[in-house]
1. One residue is enough: does the range 217-227 have a residue meeting the conditions within 16 Å of the chain's Cα centre (by Cα) and assigned to a strand (DSSP E or B)?
2. Would you say Asp79 is modelled with pLDDT under 90, open to solvent by 30 Å² or more (accessible area, probe 1.4 Å) and either within 22 Å of the chain's Cα centre (by Cα) or not aliphatic (A, V, I, L, M) (or both)?
3. Please work out which residue is modelled with the lowest pLDDT, limiting yourself to the range 154-206 and to residues that are closer than 30 Å to Leu296 by Cα and charged (D, E, K, R).
4. For the subset of the range 137-150 comprising residues that are of a type in the set (A, V, I, L, M, F, W, C) and more than 10 Å from Val179 (Cβ to Cβ), which member is surrounded by the most Cβ atoms within 10 Å (Cβ to Cβ)?
5. Scan (1) surrounded by fewer than 21 Cβ atoms within 10 Å (Cβ to Cβ); (2) touching a residue at least 60 places away in the same chain (Cβ under 8 Å) for the single condition Arg131 breaks and write down its number.
6. Residues of the range 232-262 being within 12 Å of Val280 (Cβ to Cβ), basic (Lys, Arg) and either open to solvent by 50 Å² or more (accessible area, probe 1.4 Å) or in a helix (DSSP H, G or I) (or both), which ones?
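The values are calculated or read from the model by the stated rules, or taken from the named source; none is laboratory data. Treat the numbers as computed from the prediction; the structure is a model and nothing was measured. A quick note on method: Cβ atoms are made from the backbone with ideal geometry, for glycine too, and the neighbour counts reach across all protein chains shown. Only protein heavy atoms, including side chains, enter the accessible area calculation; ligands, DNA and RNA are left aside. Shrake-Rupley method; radii C 1.70, N 1.55, O 1.52, S 1.80 Å.
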Amino acid sequence: MPQIAFDDRSFAVESGETVLDALLRQGVDASYSCKSGACQSCLMRVEEGVPPQASQAGLKASLKSRGYFLPCICKPTEDLTVTRPDGEADAQPVDARVLAVEPLSHDVARVYLRAGQDFDYRAGQFVNVMRSDGLVRSYSLANLPTTEGHLELHVRRIPNGRMSNWFHNDVKPGDTVQVRGPAGDCFYLPDYREQDLLMVGTGTGLAPLVGILRDALRHDHQGHIHLYHGALDPAGLYLVDELTQLAADHPQHVTYTRCVMRCDDMADPALACPTDNCRVAVGAIDQVIFDHHPKLTGCRAYLCGNPGLVFTLRKKVFLAGAGMKDIHSDAFIMAKP
């Protein structure tokens, strides 16, 4: 069995076990969130040995070259000496203060943070938020960068979710957290202002799309922007008034469609459409999208939210004509216990 050396200790990694699982089994207080290689909050560095190539998937070349890897997806094939990230890492934690928490729906809150120093990012990317007790979770950025360092997160309350319930129930203005990042390739590309944009999000997968949409309009995007937000029922929709108004303000460029799987009352205020470029559809969101867009040749797509849906849509959008380089996705993976 491969041996892992960490903090003057050495122990074996059991068959089929990841480096992160082995560290946690040994009582190491290691940072992690999704345990799927997506959020990068568990980033570590190899001092001796070579990590498997798969354990560096999605990392910048500058990090790979210095031995950084993701222990949550690393099943080592040789002995490794590993250490926590240090001053060499590209993204160091930044202190941030909670400014406000505003309810957006029965289970989604908008959290405003203010970074204590310059924090460079693109709207739609995600950050890792760390509490004082070391708990880490990933959230997308829904707002444009500001000189004041404001960060806007959309936090959905998860049953028994330690971080989400803390934000909804316990956090107060002035409380502090740390943010690390940004990461992710879901952001607007101003060099392609003529492309039509397809934006599809479920749940708080809307957050990065709102950021990308705001950025596109800031850059006077010329192609049409089709925004689809899906939920199980109307109660799962949020930011309806804001997005309806935004579509009304840009009738030549923005169409906003809400999709619900079921609806017992079509008179529900969440389904009101006061403008021609605001729509409501009942049914599976992927079916609704391809009813409206059977061909997506030349389109750029942003897909965010439920991992299963994101995976399915990536394939369907590609088969409908979009190039793989034009498909950006951000699957929202829940932290495992």
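1. Step one: filter the range 217-227 for residues within 16 Å of the chain's Cα centre (by Cα), giving none.
Scanning the range 217-227 turns up no residue that is within 16 Å of the chain's Cα centre (by Cα) and assigned to a strand (DSSP E or B).
2. Values: modelled with pLDDT under 90: no; open to solvent by 30 Å² or more (accessible area, probe 1.4 Å): yes; either within 22 Å of the chain's Cα centre (by Cα) or not aliphatic (A, V, I, L, M) (or both): yes.
Answer is no for this residue.
3. If we filter the range 154-206 for residues that are closer than 30 Å to Leu296 by Cα, which is where we start, we get 154, 182-206.
Right, trim to charged (D, E, K, R) and you get 185, 191, 193-194, 196.
Values: Asp185: 78, Asp191: 88, Arg193: 91, Glu194: 94, Asp196: 96.
The selected residue is Asp185.
4. Taking the range 137-150 as the starting set, the residues that turn out to be of a type in the set (A, V, I, L, M, F, W, C) are 141-142, 144.
So of that shortlist, the ones also more than 10 Å from Val179 (Cβ to Cβ) come out as 142, 144.
On the way: Ala142: 24, Leu144: 17.
Across the range 137-150, the extreme among qualifying residues is Ala142.
5. For Arg131, the failing item is (2).
6. Within the range 232-262, no residue meets the criteria.
For (1) in contact with a His (Cβ under 9 Å, 6 or more places away or on another chain); (2) part of a strand (DSSP E or B); (3) of a type in the set (Ser, Thr, Tyr); (4) buried (at least 22 other Cβ atoms within 10 Å of the Cβ), each residue gets a yes or a no:
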residue: Val98; (1), (2), (3), (4): no, yes, no, no
residue: Tyr112; (1), (2), (3), (4): yes, yes, yes, no
residue: Ala123; (1), (2), (3), (4): no, no, no, yes
residue: Leu153; (1), (2), (3), (4): no, yes, no, yes
residue: Asn165; (1), (2), (3), (4): no, no, no, no
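Yes or no, residue by residue, for (1) open to solvent by less than 40 Å² (accessible area, probe 1.4 Å); (2) closer than 30 Å to Lys60 by Cα; (3) among the acidic types (Asp, Glu):
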position: Thr176; (1), (2), (3): no, yes, no
position: Asp185; (1), (2), (3): no, yes, yes
position: Asp191; (1), (2), (3): no, yes, yes
position: Gln195; (1), (2), (3): yes, yes, no
position: His221; (1), (2), (3): yes, yes, no
